[in-house]
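The values are calculated or read from the model by the stated rules, or taken from the named source; none is laboratory data. Note that this is a predicted model, so its numbers are computed, not measured. Cβ sites come from the backbone with ideal geometry, for glycine too, and all protein chains shown count toward neighbours. We work out accessible area using only protein heavy atoms, side chains counted, and drop any ligands, DNA or RNA first. Shrake-Rupley method; radii C 1.70, N 1.55, O 1.52, S 1.80 Å.
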Amino acid sequence: MMSLCFLPIMVMLKVVRNNMTFLLECMKMLSSWCWLEVFGAKKVSSPKINAPQKDPGRVKPISVNYHFTRQCNYKCGFCFHTAKTSFVLPVGEAKKGLAMLKDAGMQKINFSGGEPFMQDRGNFVGKLVVYCKKDLKLPSVSIVSNGSLITEKWFKSYGEHLDILAVSCDSFNEDVNKLIGRGQGQKNHVEKLMKIRQWCCDYNVAFKINSVINSYNVDEDMREEITMISPIRWKVFQCLIIDGENSGEEALRQAETFVITDDEFKGFLDRHKDIKCLVPESNQQMRDSYLILDEYMRFLDCRNGRKDPSRSILDVGVENAIMFSGFDEKMFFKRGGKYVWSKADLRLDW
C-alpha cells in the first residue's frame, strides 16, 4: 500500500525534472543567440585553454645596469648618478630581483653605483657576482668601478665568477683627474688602474676602461696609453646632463662647466679613430639605450633629460616596470650594446 502511495509522487518528480532540463536547455540556447547577436559570430565553439600569449613587441631586459648604491668616495663634477640616498637593498631582496630579471630574459648584469665596492668592502657586490654567475648562470656578469677600493684579496674571493671589470679613467694626467674630481687624498688614480689591469690578467677577468669626455680632457691624446693597456673595450662617453642629478636646483652636482659640443666630441673621436677597442657613445646614443635599475630596483626613464622612476620590479614585476623604462631597444643594438661579453667566449691573451 505504501509503495502504491509513492507512485504518483515519483511520477510527479520525474515530470518536474524533465521540465527543468528542458528549461535549462532553452536558457543555454537563448544565451548563445544573445552572444551571436552582440558579437556577430557565426559559430559557437568550446573555448580552448591556451598558455598566455607573449607580446612579440615586449622588451626583454637582455642587459641591465643595476646601480645598487648611490654612495661614492669620489666627487666627479659631471656625475649623473649622485648620492641622493644611502639606501641599499638587503642582499636577499637584491637576489630576488635578479632572479626575476633572469626569468624575464636577462643575459648580462652590470653592477654600478655610486661606487659598488663601498658596500661591505666589496663583499656585497662580490656575493651578487657569485649568485648571478653560479646560481643564475648568466652568460655575463660585470662591474663598473672607479677602482680605488679594489684589492687583490677581492679577486681571490670573487674574480673567478666575474666576466668583465670596467674601471673609470678620464685622463692619464693626474692633475686633470684631480680637477675632474676623480681622486681621493694622495691616491694616484692611474697607478691603481695599472694594478687592477694586472690583477685582471692574473685572475682571468676581462679588463675595460670607461672615459667621460668633458671640457677638461677633450684635447687630450690617449692613444699611447690605451694601446699599451689594451682593454677589451674602451667606452668613450660624451658628458651628459641629467636634471636633478648634475643640473638644476635639487642636484648635488652642477656639470654645466664640463659640457662639450658635439663637434668637440667628434674631434676627440677623430683623434683616436685608429684605436680598435674604441666604442664611442654620444649623448643621443646614451640617453635611452640603457636599462638602468636604481637602488630600489626601479627602472629609470631618461627620455626627458631627467630620471623618472618606474615602480620597483619587486612590487609590480619586471614586465610591468619595464614599460616605464623609456628603453630604446633599437638604439641599444645600434650602439653595439650586444657584444661578446662572456669571458668563456673571449680570447684573453694577456
Within segment 236-267, considering residues that are open to solvent by less than 10 Å² (accessible area, probe 1.4 Å) and assigned to a strand (DSSP E or B), the one farthest from Cys200 (Cα to Cα): Gln238
Odd one out for Pro309, checked against (1) touching a residue at least 12 places away in the same chain (Cβ under 8 Å); (2) within 23 Å of Phe265 (Cα to Cα); (3) open to solvent by 10 Å² or more (accessible area, probe 1.4 Å): (2)
Pairs where the first residue, in segment 99-114, is aliphatic (A, V, I, L, M) and the second is assigned to a strand (DSSP E or B) and open to solvent by less than 20 Å² (accessible area, probe 1.4 Å), C-beta under 6 Å, 6+ apart: Leu101/Val64; Met106/Val64; Ile109/Val64; Ile109/Val141
Matching entry among Val88, Val64 (being surrounded by 15 or more Cβ atoms within 10 Å (Cβ to Cβ), under 20 Å from Asn320 (Cβ atoms) and either at pLDDT 95 or above or not charged (D, E, K, R) (or both)): Val64
Residue match in segment 150-166 (condition: surrounded by fewer than 20 Cβ atoms within 10 Å (Cβ to Cβ), of a type outside the set (A, V, I, L, M, F, W, C) and in a loop (DSSP other than H, G, I, E, B)): yes
Filtered residue count, segment 252-300, keeping only those that are in contact with a Gly (Cβ under 9 Å, 6 or more places away or on another chain), basic (Lys, Arg) and within 17 Å of Val64 (Cα to Cα): 1
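Being open to solvent by 70 Å² or more (accessible area, probe 1.4 Å) and touching a helix residue (DSSP H, G or I) at 6+ places or on another chain (Cβ under 9 Å) narrows it down to one residue among Lys330, Lys273, Lys334; which is it? Reasoning before the result, please.
Details: Lys330 fails: touching a helix residue (DSSP H, G or I) at 6+ places or on another chain (Cβ under 9 Å); Lys273 fails: touching a helix residue (DSSP H, G or I) at 6+ places or on another chain (Cβ under 9 Å).
Answer to the check: Lys334.
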Yes/no for Cys169 being crowded, with 22+ Cβ neighbours inside 10 Å, in contact with a helix residue (DSSP H, G or I) (Cβ under 7 Å, 6 or more places away or on another chain), touching a residue at least 24 places away in the same chain (Cβ under 8 Å) and more than 22 Å from Phe299 (Cα to Cα): yes
Pair list, Cβ < 8 Å and 6+ apart or interchain, from segment 241-254 residues that are small (Gly, Ala, Ser) to residues that are outside any loop (DSSP other than H, G, I, E, B) and open to solvent by 80 Å² or more (accessible area, probe 1.4 Å): Gly244/Arg306; Ser247/Glu256; Ala251/Asp243
